[in-house]
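Notes follow the structure.
The values are calculated or read from the model by the stated rules, or taken from the named source; none is laboratory data. Computed from a prediction, not measured in an experiment: that's the story for all the values here. Glycine gets a Cβ as well: all are built from the backbone with ideal geometry, and neighbour counts include every protein chain shown. For accessibility, only protein heavy atoms count, side chains too; no ligands or nucleic acids. Shrake-Rupley method; radii C 1.70, N 1.55, O 1.52, S 1.80 Å.
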Amino acid sequence: MNDPVKFLLDLINIYSPSQEERRASEFAYSYINGLKVGEVYIDEANNVVWNVSSGSPRIYLIGHIDTVPGMIKASFDGNEIYGRGSVDAKSALSALLHASLGLSGTGCGVTFAAVTDEERQSEGMKTLLKHVERPDFAVFGEPTGTDSVAIAYKGRLLVKKGYRSSSMHSSSPEVSNSAFDMMINDIESIKGRARSMNEEARSFFDMVTVQVVKCGCGSDSALNKTPSDAFMYVDVRFPPSFKSHEVESALFSGAYSVEDRLEGFSTHPESILARAFYRGIYDVLGKHGRFVKKLGTCDGNVLREYYDVPAVAYGPGDAKLSHTDNERVSVAEYLASINVIKESVSWLCANAKQS
Amino acid sequence: MPIVTKCKECGADIEVPDDALPGEIVSCPDCGIEYEVVKIENGKVDLKLAENVGEDWGE
């Protein structure tokens with residue numbers, strides 16, 4: 001039985017933080033299997049993969065089934081659905097799923113996937129890309145709001161650096177830098193180099209940004225000694241106009257390790273995929289859509305490591321509520337987003353075939 | 001059938017799809033400047049300089 005609201009409420013009530021998605025995946029599998037359209041299976045990463053129809057062009061609709069930790073049960077007040085993942089991103093996932101159902105007769109190759117581990121290391125997406133064919137277009141389920149479509153995401157470098165010095169009595173004059181001093185001086189230099197890369201930047205999206213996300217030094221048992229060891233994790237975000245290796249060599253020197261690397265990507269507003277969503281939003285909502293560039297990352301960044309194909313993100317909900325205890329999505333928006341996706345992908349199918 | 005108009009910046013030909021909606025973005029193939037479609041009427045297209053694409057924090 002196809003019931004988008006009940007499905008979403010039930011899915012939210014199955015707690016599925018990254019690496020604990022199995023029950024949610026089994027639930028989605030059973031629901032899709034009951035729809036009797038196409039073929040569905042669960043792969044070794046607990047991704048649910050639904051081959052809705054075969055044909056050309058090949059379009060992937062991909063949402064993530066994991067959430068950040070912290071269970072918040074689903075509730076519904078008649079207007080809004082509350083609960084963990086209602087914004088990021090079970091409502092978008094569910095919208096893609098129900099839109100897929102209306103796309104089985106388009107003659108396009110439509111594949112829906114509910115992938116795991118997006119909030120951690122994107123292991124679900126990486127596994128999916130090993131066993132599915134190259135798509136022509138991809139749509140990712142993320143909260144953009146029903147009238148906006150995300151056409152660009154920044155890239156990310158996560159770098160770990162360590163520092164070592166001799167330890168001195170903390171009463172001694174500052175004759176040499178402690179490991180802590182070395183770390184502070186270094187981050188100031190890194191930020192300075194990033195600033196010089198931003199001289200031409202006209203927006204936050206165009207900027208290379210540097211944030212320390214974790215650091216440490218010293219010892220609780222020796223509060224009268226300067227630290228001999230220090231470490232920090234530096235999270236660098238950069239626009240698609242830079243490659244990660246360029247950013248790495250511009251900012252970092254000495255000994256360090258790259259803990260995570262994702263290239264940024266963008267899809268031009270004139271591309272047929274972006275145009276399809278502009279039209280879908282206009283046809284369903286009766287207003288002009290908005291293109292946005294995201295300062296974060298999503299599984300679309302992982303896709304673009306494998307395939308240079310047009311990709312956008314779309315889904316109901318306010319991204320500012322992502323990961324908060326106040327996640328909630330309007331049911332009217334959620335249901336409208338299903339129609340926007342259906343209209344957009346139908347138009348894409350028809351027009352991509354002609355071009 | 002695309003409608004051809006001139007770039008106000010460099011004079012190059014810009015092709016605009018004849019089914020483009022107001023608000024859609026087109027860019028000049030030569031200088032790259034981006035325009036927004038204002039309206040299409042009787043095979044003629046009005047363009048204005050595009051506003052910047054919005055930004056959104058997160059995910």
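For region A:263-284: of the residues being within 30 Å of residue A:235 (Cα to Cα) and open to solvent by 30 Å² or more (accessible area, probe 1.4 Å), which is farthest from the other protein chains (Cβ to nearest Cβ)?
A:263
Output the number of residues of region A:116-135 satisfying the condition of being surrounded by fewer than 19 Cβ atoms within 10 Å (Cβ to Cβ) and in a loop (DSSP other than H, G, I, E, B).
Qualifying residue count, region A:116-135: 5.
State which residue pairs qualify: first residue within 12 Å of chain B (Cβ to nearest Cβ) and inside region A:309-332, second residue of a type in the set (Asp, Glu) in any location, beta carbons under 7 Å apart, and separation of 6 or more residues or different chains.
The qualifying pairs are A:313/A:142; A:315/A:142; A:319/B:56; A:319/B:59; A:321/A:327; A:322/A:88; A:322/B:59; A:323/A:88.
Find all pairs meeting these conditions: Cβ atoms under 7 angstrom apart; at least six residues apart or on different chains; first residue within region A:74-89 and more than 14 Å from every other protein chain (Cβ to nearest Cβ); second residue loosely packed, with under 15 Cβ neighbours inside 10 Å and not in a loop (DSSP other than H, G, I, E, B).
Listed pairs, sorted by first residue: A:82/A:75; A:83/A:75.
Residue by residue, here is whether (1) touching a strand residue (DSSP E or B) at 6+ places or on another chain (Cβ under 8 Å); (2) β-branched (Val, Ile, Thr); (3) more than 13 Å from every other protein chain (Cβ to nearest Cβ) holds:
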position: B:6; (1), (2), (3): yes, no, yes
position: B:9; (1), (2), (3): no, no, yes
position: B:26; (1), (2), (3): yes, yes, no
position: B:34; (1), (2), (3): yes, no, no
position: B:39; (1), (2), (3): yes, no, no
position: B:42; (1), (2), (3): no, no, yes
position: B:45; (1), (2), (3): yes, yes, yes
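Which of the residues belonging to region A:204-227 are within 14 Å of another protein chain (Cβ to nearest Cβ) and either open to solvent by 90 Å² or more (accessible area, probe 1.4 Å) or free of Cβ contacts under 8 Å to residues at least 24 places away in the same chain (or both)?
Of region A:204-227, the ones within 14 Å of another protein chain (Cβ to nearest Cβ) are A:204-207, A:209, A:211.
Within region A:204-227, A:204, A:211 meet the criteria.
Residue-by-condition table, conditions (1) open to solvent by 30 Å² or more (accessible area, probe 1.4 Å); (2) over 20 Å from residue A:123 (Cα atoms); (3) modelled with pLDDT of 95 or more:
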residue	(1), (2), (3)
A:18	no, no, yes
A:22	yes, no, yes
A:30	yes, yes, yes
A:40	no, no, yes
A:61	no, no, yes
A:66	no, no, yes
A:75	yes, yes, yes
A:80	yes, yes, yes
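For region B:8-33, name all the residues that are buried (at least 18 other Cβ atoms within 10 Å of the Cβ) and either among the charged types (D, E, K, R) or more than 11 Å from the chain's Cα centre (by Cα) (or both).
Correct list: B:24 only.
Identify all residues within region A:148-165 that are away from chain B (no Cβ under 11 Å) and either outside any strand (DSSP E or B) or open to solvent by 10 Å² or more (accessible area, probe 1.4 Å) (or both); write none if there are none.
Correct list: A:156, A:158, A:160, A:161, A:162, A:163, A:164, A:165.
Name the one entry in A:91, A:100, A:104, A:86 that is part of a loop (DSSP other than H, G, I, E, B), farther than 18 Å from residue A:301 by Cβ and open to solvent by less than 10 Å² (accessible area, probe 1.4 Å).
A:86
Can you tell me which residue is most open to solvent (accessible area, probe 1.4 Å) among those in region A:285-306 that are more than 7 Å from every other protein chain (Cβ to nearest Cβ) and of a type in the set (A, V, I, L, M, F, W, C)?
So the residue we want is A:285.
Looking at (1) open to solvent by less than 20 Å² (accessible area, probe 1.4 Å); (2) away from chain B (no Cβ under 14 Å); (3) over 18 Å from residue A:48 (Cβ atoms), which is the only condition residue A:138 fails?
Going through (1) open to solvent by less than 20 Å² (accessible area, probe 1.4 Å); (2) away from chain B (no Cβ under 14 Å); (3) over 18 Å from residue A:48 (Cβ atoms) one by one, residue A:138 breaks only (3).
What are the pairs with Cβ atoms under 8 angstrom where one residue, in region A:32-44, is within 19 Å of residue A:10 (Cβ to Cβ) and the other, located anywhere, is in a loop (DSSP other than H, G, I, E, B)? Sequence gap at least six, or different chains.
A:34/A:1; A:35/A:2
Scan (1) surrounded by 18 or more Cβ atoms within 10 Å (Cβ to Cβ); (2) away from every other protein chain (no Cβ under 14 Å) for the single condition residue A:192 breaks and write down its number.
(1)
Of the numbered conditions (1) assigned to a helix (DSSP H, G or I); (2) crowded, with 24+ Cβ neighbours inside 10 Å; (3) not aliphatic (A, V, I, L, M), residue A:185 fails exactly one; give the number of that condition.
Against the list (1) assigned to a helix (DSSP H, G or I); (2) crowded, with 24+ Cβ neighbours inside 10 Å; (3) not aliphatic (A, V, I, L, M), residue A:185 comes up short only on (2).
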